[in-house]
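Notes for the one structure printed next.
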Amino acid sequence: MTYSEPTGTGRYEVNSPAVISQTIDGEAVIIDLGSGYYYGLNPSASLVWNLLGEGLSALAIAEALAGLPPAEAEAVVLGLVAELLKEGLIRPRAGGEAPAAPSVAFPRPGDAPALGKPAFTKYSDMQDLLLLDPIHEVADSGWPQKKPEPGAGNRPRSPDANRAEPAKR
Amino acid sequence: MAGSGRDVHRPRERLRCRPTPDQELLLQACLLKGDDAVRAFDLWRARTDIDRLDHGSYRLLPLLYANLHDLGSTDPLTEKLKGVYRRTWYTNQLLFHRAAALVQALEEAGLETLLFKGGALIPLHYKDLGLRPMGDFDVLVPTERATEAARVLQRNGWRPRLLFETQRLSRDCAGFVSGDGQEVDLHWHLLEECCYEGADQPFWHNAVPLSLNGIPTRALGAADHLFYVCVHGSRWKDVPPVRWVPDALAILGGCRFDAADPGHRAAAEPGHRAAAGRDAPGRNAIDWNHILDLAVSRRLVLPVRETFNYLRDIFGAPIPSAVLETLGRESVTRSDRAVHAILSRPQPHPGYFIVTWLFYARARRGMGAPRRVLGFPRHLRNLWSLEHYWQMPGYVIGKLAERARNLRALTASGGRRD
């Protein structure tokens, strides 16, 4: 897939109907219906994802990550946007103005550091996902995170050997 | 309904295929509100080993997660339950995506489609793809166009699990599977009990419009769906049939589905009831007289009566007293009672031969008795998807052995069905 480098003022939208998402208890999950790929976003990336869906630019979203220095926040958001574009999960928004008041709540100052840096995990083996027993074979955080293998310490096994935790920075 | 051999007025029968006490606690934890749900959850947690959960209970876990989340529970199990919810959302999204393409292909071929069970209950009543796990997708097409529909499915990469033609001649539906393992049940009759001409006419007549991922189709109307869910739920299944309870309550807008009554406390207020013939604002309008007509005309009074009483007694479902009283007064023939008793017991059951004969004979009411009798072996061969008559004794012996194994397993597990 070809994509242009994201810019701070660029606006994006979910690449629907091929891509669908839902925020479950503050964490966005995304499916690429064509490939069956599953993406789990951490709370910080979920906030960025939802604000992107509202039509906010990367610059405006960077302000929501108030715990980071502005330049770092912008770089982090642009980095995530670039990854989402590369995965084909979002596309440049065709026209339209930014909403006057986004329906997604911005975190209050002081909340942002707790969210951490935005990151997502990609699960590209659909059969593996479907076969994973969500009670007996999963980590404490639940499906689709596998239970750590014996001897692997506390580090969970990588969900996608080809592309482990791509957006973590 | 009158005549000899009738057993008149037997009110408040106990539901034969009733959830076990543990399943009932889980249902209450999933469906009730406030302290009632918390109490039920605590009791269920204390009595149940999550590692040895039966599959029927497992299918309730996403709903349990949603209820615990609404209640602000901090139980450590919640994270795993959330995972089950996520997995359900994921698998249902993939299934709905595939099914929408199939429905589109059928509709473009000029075949009307009507969805029921999860494919219709989720978008219309649960309104959340993560709440109700689905194994397959159920599509009803007009009876006379079943073969055409099967061809459309096969052109789109779905293959029948068994010989389609033998199933069309003997059953209400046939299972199809896609290359990536998704499953669809193609129905040409809604109920296995009613495979005769015109049996599905009211269901088509009362169907409501439904958009499946943007593809226009139809779904069973609320009253028909409630009727179907209750009849289906009253039957014995390999997977314990407990999900019919939330399905029915979702249609009725009862318990946690009752948006109009946030303070509703079902278990603590057994007297809670909707006025006969009216539904509270926000609930689905149910044509109760239509359900009564269906129950009588399809000879399914017993399953409807037992399940309605259960929903009302245990979950305070908003079923009008007048409906229960009318069902209680309705007479039931001995043969209908026998059919219900056999279908509520672990299968395969030797009595299923009798049930098969009765359903077969009902579907061929216009046929002379000798032709009906002579045609029965052929019907059985088709029903069992056998190529030759000589295979039939082996099939029966295999089924009897399966029954013996099932009964041994049931005895060993103290009645649990894993």
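The values are calculated or read from the model by the stated rules, or taken from the named source; none is laboratory data. Because the structure is predicted, anything quoted here is derived from the model rather than measured. Reconstructed Cβ throughout: ideal geometry from the backbone, glycine too, with neighbour counts over all protein chains shown.
Data table
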item: Helices (runs of 4 or more DSSP H) (entirely within the stretch A:1-93) containing at least 1 residues that are closer than 30 Å to B:G72 by Cβ; result: A:43-53, A:58-64
item: Helices (runs of 4 or more DSSP H) wholly inside the stretch B:345-414 that include at least 1 residues being surrounded by 11 or more Cβ atoms within 10 Å (Cβ to Cβ) and in contact with a Gly (Cβ under 9 Å, 6 or more places away or on another chain); result: B:352-363
item: Residue check, B:R151 outside any strand (DSSP E or B), touching a residue at least 40 places away in the same chain (Cβ under 8 Å) and basic (K, R); result: no
item: Single unsatisfied condition, B:V139 versus (1) of a type in the set (A, V, I, L, M, F, W, C); (2) assigned to a helix (DSSP H, G or I); (3) surrounded by 21 or more Cβ atoms within 10 Å (Cβ to Cβ); result: (2)
item: Qualifying residue in the stretch A:45-55 (condition: surrounded by fewer than 18 Cβ atoms within 10 Å (Cβ to Cβ), away from chain B (no Cβ under 14 Å) and not polar (S, T, N, Q)); result: yes
item: B:G83 being of a type outside the set (A, V, I, L, M, F, W, C), at pLDDT 95 or above, over 21 Å from the mean Cα position of the chain (by Cα) and not assigned by TED's automatic domain parsing to the domain that holds B:I122; result: yes
item: Residue within the stretch B:173-182 that is modelled with pLDDT under 95, in contact with a Leu (Cβ under 7 Å, 6 or more places away or on another chain), within 14 Å of another protein chain (Cβ to nearest Cβ) and not in a loop (DSSP other than H, G, I, E, B) present; result: no
item: Top-ranked residue of the stretch B:112-132 - restricted to ones that are in a helix (DSSP H, G or I) and free of Cβ contacts under 8 Å to residues at least 60 places away in the same chain, ranked as farthest from B:W89 (Cα to Cα); result: B:G118
item: Sole exception among (1) of a type in the set (A, V, I, L, M, F, W, C); (2) over 26 Å from B:H225 (Cα atoms); (3) within 11 Å of chain A (Cβ to nearest Cβ); (4) touching a residue at least 24 places away in the same chain (Cβ under 8 Å) for B:L71, by number; result: (3)
item: Exclusive hit being of a type in the set (A, V, I, L, M) and either within 11 Å of chain B (Cβ to nearest Cβ) or within 13 Å of A:P92 (Cβ to Cβ) (or both), set A:L41, A:L33; result: A:L33
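Yes or no, residue by residue, for (1) over 21 Å from B:R161 (Cβ atoms); (2) assigned to a helix (DSSP H, G or I); (3) more than 14 Å from chain A (Cβ to nearest Cβ); (4) at pLDDT 95 or above:
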site: B:N67; (1), (2), (3), (4): yes, yes, no, yes
site: B:T78; (1), (2), (3), (4): yes, yes, no, no
site: B:Y90; (1), (2), (3), (4): yes, yes, no, yes
site: B:G110; (1), (2), (3), (4): yes, no, yes, yes
site: B:M134; (1), (2), (3), (4): no, no, no, yes
site: B:R145; (1), (2), (3), (4): no, yes, yes, yes
